[in-house]
Every structure is written in C-alpha cells, then in structure tokens.
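Since the structure comes first, as structure tokens, the remarks are kept for the end.
Just so it is clear, none of the values below were taken in a lab; they were calculated from the coordinates. Computed from a predicted structure; not experimentally measured.
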C-alpha cells in the first residue's frame with residue numbers, strides 16, 4: 001500500500017535575519033569617513049566623538065572580516081573592499097533616511113490620504129471653506145470627496161472605507177463620534193418666474209399648494225421627510241414628484257418651472273440660470289450640520305482635519321462646539 005505524502009510545496013519566503021550584527025548608525029560612520037577622509041571630520045559632521053566613529057567602523061570591519069580603510073598618519077583611505085562596501089551601503093542609507101522622513105511626515109499629517117463623504121453642495125459655505133483651507137495647508141495629502149446617502153456613508157465609516165462624513169442633524173450615531181460644526185438656513189428653490197420668487201423670505205403656509213421635486217438618490221429621501229415634517233398635518237399632505245436624477249439636474253428642473261424644492265444655504269453659491277433661492281423664516285429651519293467619524297481611526301490626516309474644523313467652527317461667536325480630539 002502506497003503511503004500518502006503531503007505536498008510540502010508552498011509560497012517561498014526569503015529568510016528573515018533575526019538581528020543585524022551591528023548598529024545601523026555605524027554604517028553612517030563608514031560612509032561619512034569615506035566622504036571626509038578622516039574619522040575626526042566625519043565625527044564633527046555627524047555630531048559624534050571621533051573615538052565613537054572609529055570604534056563603530058572597527059566593529060563593522062570585525063564583523064565583516066575585512067578592513068575598509070587604510071590608516072596612516074595623514075588620514076584614512078578606502079581599501080578595495082571598502083570602496084565596494086560603501087558603494088553598496090550608501091543607497092541603503094539614503095533609502096532608510098527617506099523612509100524615516102516620509103513616515104515622520106505621515107505621522108504629522110503632512111502626507112497621507114483623507115476620504116470625505118458629503119450630502120450637500122461644496123459650492124460655498126463652511127464645508128467648502130474647511131476643505132479649501134485644509135488643502136492649502138496640507139498640499140501633500142490626497143483628498144477624496146464622495147457623494148452619497150447617509151446610510152451609505154455611515155456603513156463606509158464603520159468599515160473604515162471613509163474617514164469622515166458630514167450630515168444634517170446632531171444626533172448620536174451608533175459606533176461613531178459626532179460633533180456639530182455649523183448651521184445653515186433652509187432655502188426654498190423657485191423658478192425666477194414663480195410668483196413667490198419676488199419675496200425676500202418664505203413661510204411654510206405659502207407652500208401648501210405647491211409641487212415639490214426630490215431626487216431618488218441622496219439626499220432626496222431626507223429632503224422628502226423634512227418637507228413632510230414641516231408641512232403635513234391632518235388635512236394637508238404635500239405633493240411630490242420623485243425624479244430619477246441627481247441634485248444638480250433637479251435644480252435645473254426647478255429653474256424651468258417643473259416645481260419647487262428645499263435646499264441648504266450652500267446652494268446659494270451655485271449659479272443656475274433662472275433659479276432663485278429664498279430663505280425660510282422659522283427658527284426650526286436653521287439646520288445643524290455635523291462631522292461624523294469612526295472612533296479610534298488612526299489617521300493623522302484626519303486628526304489635522306478635525307483640528308482645523310474645530311478651529312474654523314469656533315470663529316462663529318456664541319457657538320458651542322464639542323471637543324473633537
């Protein structure tokens with residue numbers, strides 16, 4: 001009977017050395033000594049004692065088993081073995097230094113990536129100013145802005161596919177940190193030909209017989225629910241047309257007179273021909289906007305972004321801002 005043999009073939013991994021047999025700083029001593037032709041001048045350049053540099057070089061020579069320098073009263077000179085060693089080691093030292101600098105910069109938030117989920121327009125307002133200021137002060141951080149709905153963004157935050165998102169409201173969200181940053185007045189969008197477009201501000205009671213346009217995609221459902229909360233009662237339910245388009249297309253449909261809608265103040269910075277925005281006057285129509293992020297998210301770029309958001313929000317007098325970090 002043939003004995004079964006287990007297939008031992010698998011992925012090949014290079015051997016891992018448990019310990020480098022000398023201090024890596026000694027490599028710098030060898031290269032510096034080669035460059036300056038003197039242990040003393042190399043030590044001065046590195047901020048070390050000459051004896052420290054000399055002993056470090058000697059230790060590597062003992063480990064490798066060859067002399068890298070010919071020592072004489074006039075100084076030092078590389079041996080053939082030393083020339084080859086320095087030529088091989090110099091690129092490694094440069095790479096280690098670059099890696100150290102890059103890692104340090106990433107840890108300080110100077111390099112990195114930041115993904116931001118949004119529901120509102122970035123044409124103007126607090127969020128536009130925040131992202132613009134952060135981009136100017138951190139030009140080497142790659143910023144990715146994603147449109148999407150609330151549920152989609154929350155799922156992405158929890159799975160660490162998104163660093164931070166901005167939503168209307170200030171309520172707690174499970175498994176997330178939340179901080180209110182700013183508030184915006186809700187506006188009604190009309191065609192320039194609409195009879196209410198001449199008004200400076202709007203009351204909900206004037207909108208009972210109007211048709212509201214909302215999108216199927218985000219933030220259409222939130223807009224729909226907001227209008228129902230503010231306008232519906234036992235005798236009145238607002239008329240809606242749900243449109244299979246994005247928010248920008250919907251605003252153009254409003255501009256040509258297909259209906260009206262409600263938007264945040266950020267849309268007042270968007271230029272759409274024959275589109276007019278008028279604010280709602282009730283206190284309840286000042287809507288809070290909050291930053292939401294996953295706790296324990298170890299992204300230095302996010303920490304810098306939250307710090308800037310806190311600083312920018314605190315410029316508004318009288319606004320109470322929860323501590324972000």
Would you mind calculating the gained length between residue 135 and residue 158 on full extension (0.36 nm times residue separation, minus the Cα-Cα distance), in nm to one decimal? 5.8 nm
Of 88, 142, 309, which has the largest mean-square fluctuation in a 10 Å C-alpha GNM of the chain? 88
Anyone know which of 117, 259, 47 comes out most mobile in the 10 Å Cα GNM of the chain? 47
Percent of alpha-carbon pairs separated by more than 22 Å within region 187-279: 19 percent
If you fit an axis through the alpha-carbon atoms of helix 80-107 and take the longest principal axis of the Cα set of the chain, what angle between them do you get, 0 to 90°, nearest 10? 20 degrees
If you restrict to DSSP beta bridges whose two residues both lie in the chain, what percentage is antiparallel, to the nearest 5? 60 percent
I want to verify a result. In a Gaussian network model of the chain, Cα cutoff 10 Å, which of these has the top mean-square fluctuation: 222, 241, 284? 284
Normalized C-alpha radius of gyration of region 169-325, against 2.2 N^0.38 Å? 1.18
Folded to 0 to 90 degrees: helix 50-64 orientation relative to the chain principal axis, Cα: 80 degrees
Taking N as the number of residues in the chain, the ratio of its alpha carbon radius of gyration to 2.2 N^0.38 Å works out to 1.63
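Just to be sure I understand: of the beta bridges DSSP finds with both ends in region 187-279, what percent are antiparallel, rounded to 5?
Counting DSSP beta bridges with both partners in region 187-279, the antiparallel share is about 55 percent.
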Given 0.36 nm per residue, what is the gain on full extension from residue 237 to residue 94 after removing their alpha carbon distance, in nm? 44.5 nm
How much length would be gained if the chain were fully extended between residue 245 and residue 175, taking 0.36 nm per residue of separation minus their Cα-Cα distance, in nm to one decimal? 22.0 nm
Crossing angle, helix 220-231 versus the chain [Cα axis fit, 0-90 degrees, rounded to tens]: 40 degrees
